[in-house]
Amino acid sequence: MDKVYLRNMVQKILNKEFSSASKRKAVDYVDRVNFACPYCGDSNNSRKKRGNFYLNTLSFKCYNGGCGMFKDGYTFFRDFKVNSEITADERTSILEIIKEGKEKRR
């Protein structure tokens, strides 16, 4: 699965959920994208970015103590209604990567 494609999907969610430019900003790392959690909003401090989308397992995790949301990538995309942009082949690929990640964690 293409990391740029996944990063763009995350950005669409941030653009839709936040009006503040600082909350819409994501930080790219080798294995993840870090951003303000779109579930809890990551408090009133626009610099807080405790949401993480992990590229190797296609999972989302918020490290905000009051939230703690954990979702697989497809559910994360579905929750924010960007899954309609995913083709059938991309969906299959995403679900296979998620399944492999779950098996590794066992």
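Here is a check on your reading of the model: is V27 open to solvent by 40 Å² or more (accessible area, probe 1.4 Å) and either in contact with a strand residue (DSSP E or B) (Cβ under 9 Å, 6 or more places away or on another chain) or within 25 Å of E96 (Cβ to Cβ) (or both)?
Details: open to solvent by 40 Å² or more (accessible area, probe 1.4 Å): yes; either in contact with a strand residue (DSSP E or B) (Cβ under 9 Å, 6 or more places away or on another chain) or within 25 Å of E96 (Cβ to Cβ) (or both): yes.
Considered against the rule, which asks whether it is open to solvent by 40 Å² or more (accessible area, probe 1.4 Å) and either in contact with a strand residue (DSSP E or B) (Cβ under 9 Å, 6 or more places away or on another chain) or within 25 Å of E96 (Cβ to Cβ) (or both), V27 comes out as yes.
With the checklist (1) among the acidic types (D, E); (2) over 16 Å from R7 (Cα atoms); (3) modelled with pLDDT of 90 or more in hand, flag the one item D72 doesn't pass.
(2)
Name the residues in the range 25-38 that are in contact with a helix residue (DSSP H, G or I) (Cβ under 8 Å, 6 or more places away or on another chain) and among the aromatic types (F, W, Y), would you?
Answer for the range 25-38, where residues must be in contact with a helix residue (DSSP H, G or I) (Cβ under 8 Å, 6 or more places away or on another chain) and among the aromatic types (F, W, Y): just F35.
Filter the range 8-24 for residues that are open to solvent by 50 Å² or more (accessible area, probe 1.4 Å) and not in a loop (DSSP other than H, G, I, E, B); which is farthest from I86 (Cα to Cα)?
So, considering only residues that are open to solvent by 50 Å² or more (accessible area, probe 1.4 Å) and not in a loop (DSSP other than H, G, I, E, B), the one farthest from I86 (Cα to Cα) is A21.
Condition first: at pLDDT 95 or above and in contact with a Pro (Cβ under 9 Å, 6 or more places away or on another chain). Can you find one or more residues in the range 32-45 that meet it?
No - not one qualifying residue is present in the range 32-45.
Of all the residues that make up the range 1-23, how many are closer than 29 Å to A88 by Cβ and either in contact with a Phe, Trp or Tyr (Cβ under 7 Å, 6 or more places away or on another chain) or touching a residue at least 24 places away in the same chain (Cβ under 8 Å) (or both)?
If we filter the range 1-23 for residues that are closer than 29 Å to A88 by Cβ, which is where we start, we get 1-17.
Now drop any that are not either in contact with a Phe, Trp or Tyr (Cβ under 7 Å, 6 or more places away or on another chain) or touching a residue at least 24 places away in the same chain (Cβ under 8 Å) (or both), which leaves 1, 3, 5-7, 9-10, 12-14, 16-17.
The total comes to 12.
The values are calculated or read from the model by the stated rules, or taken from the named source; none is laboratory data. Values in this document were obtained by computation on a predicted structure and should not be read as measured data. Counting neighbours? That spans all protein chains shown, and the Cβs are built from the backbone with ideal geometry, glycine included. Accessible surface is based on the protein model in full, side chains and every heavy atom, while ligands, DNA and RNA are left aside. Shrake-Rupley method; radii C 1.70, N 1.55, O 1.52, S 1.80 Å.
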